[in-house]
Amino acid sequence: MRLRDYIAIAILFLGALASYTMTAQEDGQKKQTRRPDPTQIGPLKQEPRLGISHSQSKRPIPDERPNDPRIVVQVEKKEGSSMGTAFSIDASGIWVTAHHVTSDCDLLGLEKSDRRLIRVVELTERPDADISILRTQRGAPILKVVRPGFHMGDEGYSFGFPKGSPGAVYGKVLGRARMQTRGRYRKDEPVIVWTQIRRVPDLGADLRGISGGPWVDKAGNVIGVHVAGAPRRGRSYSTAPRTLLAAIEESGVSMAKVSRGQPPKADLTPRRFAQYGELLRRDLTVAKVVCLVGEKWRKLANHSR
């Protein structure tokens, strides 16, 4: 092999070595681009929480308006006995429940822990709202009723007997609507709309049986009566505060007495609220309403008058 052949091979080798070095440097630069110095990055931002924002939660719900959304509730004819919920507002024996719970009953009573009934001796059904006032000869510790100023996202809790068993629900205020009742009677009234957040026990969004039960704030003050629901949408409806307060006042109960009620001390939270309902049911402050329908109950009611 001649000298010039050796020189050509050496030149090719040196060219290949230079190309490899440049490629290695470029790869190193690319790797540095993919992995920047972590000290040059600021703290990671948390993802925003979903739901009603803090600014929205402080916004008062609008006043009642003629164009508020309409909710039509069909009240079917009672085919047999049924149940609902009531709560005590006067220790002498005065209770609040829903009108559709008490209508067309042949005999009404409040069930005690031993399953015996406290007989309802007087019934007043409101013509303008889904509210009834019950009177018994025996009373129970009362709940305090207040006039709240609702805001979007306000939290509330309702207690009673959904599907006939003890239960509770936690919800948030969505706004106002008008409930139009059709069927056994006709009414058109303002209501507060709630979205159900948590139910204990969770037997689904159909809470029938809790009708007539109280909606309370975190302090345990009554802010409405649970009167209807939309299970498919997970919503509940309560009476507007003004209709509840008018019903109580016109029943002859002293509003001063009701507003000074001393319910069990409460500090309810979304995680800790069901136990408070157990306490209210134990004291009969929240009671199961039993509506008996049938000839034998009608005869018993007539005989005992």
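In the range 249-270 there is at least one residue matching the filter, namely being surrounded by fewer than 22 Cβ atoms within 10 Å (Cβ to Cβ), touching a Lys or Arg at 6+ places or on another chain (Cβ under 7 Å), among the acidic types (Asp, Glu) and assigned to a loop (DSSP other than H, G, I, E, B). Based on this model, can you work out whether ASP202 counts as touching a residue at least 40 places away in the same chain (Cβ under 8 Å), outside any helix (DSSP H, G or I), surrounded by fewer than 20 Cβ atoms within 10 Å (Cβ to Cβ) and of a type outside the set (Phe, Trp, Tyr)? Answer is no for this residue. Restricting attention to the range 88-131 and to residues that are part of a loop (DSSP other than H, G, I, E, B) and crowded, with 21+ Cβ neighbours inside 10 Å, the residue that is farthest from the chain's Cα centre (by Cα) turns out to be CYS105. Taking (1) out of contact with any Gly (no Cβ under 7 Å at 6 or more places or on another chain); (2) of a type in the set (D, E, K, R); (3) surrounded by 15 or more Cβ atoms within 10 Å (Cβ to Cβ) in turn, ARG135 satisfies each apart from (1). Among the residues making up the range 212-247, those that are within 27 Å of LYS265 (Cβ to Cβ) and hydroxyl-bearing (Ser, Thr, Tyr) are SER236, SER238, THR239. Restricting VAL169, VAL193, VAL173 to those that are more than 19 Å from ARG272 (Cβ to Cβ), at pLDDT 95 or above and either surrounded by fewer than 17 Cβ atoms within 10 Å (Cβ to Cβ) or in contact with a Leu (Cβ under 7 Å, 6 or more places away or on another chain) (or both) reduces the list to VAL193.
Here ILE210 clears all of (1) without any contact (Cβ under 8 Å) to a residue 60 or more places away in the chain; (2) within 21 Å of ARG281 (Cα to Cα) except the condition numbered (1). Condition first: within 30 Å of LYS218 (Cα to Cα), of a type in the set (Gly, Ala, Ser) and not in a strand (DSSP E or B). Now tell me which residues in the range 273-305 satisfy that. If the condition is that a residue be within 30 Å of LYS218 (Cα to Cα), of a type in the set (Gly, Ala, Ser) and not in a strand (DSSP E or B), then ALA274, GLY277 are the ones that fit.
The values are calculated or read from the model by the stated rules, or taken from the named source; none is laboratory data. Note that the coordinates shown come from a computational prediction; the quantities given were computed from them, not determined experimentally. Cβ: placed from backbone, ideal geometry, glycine included. Neighbour counts: every protein chain shown.
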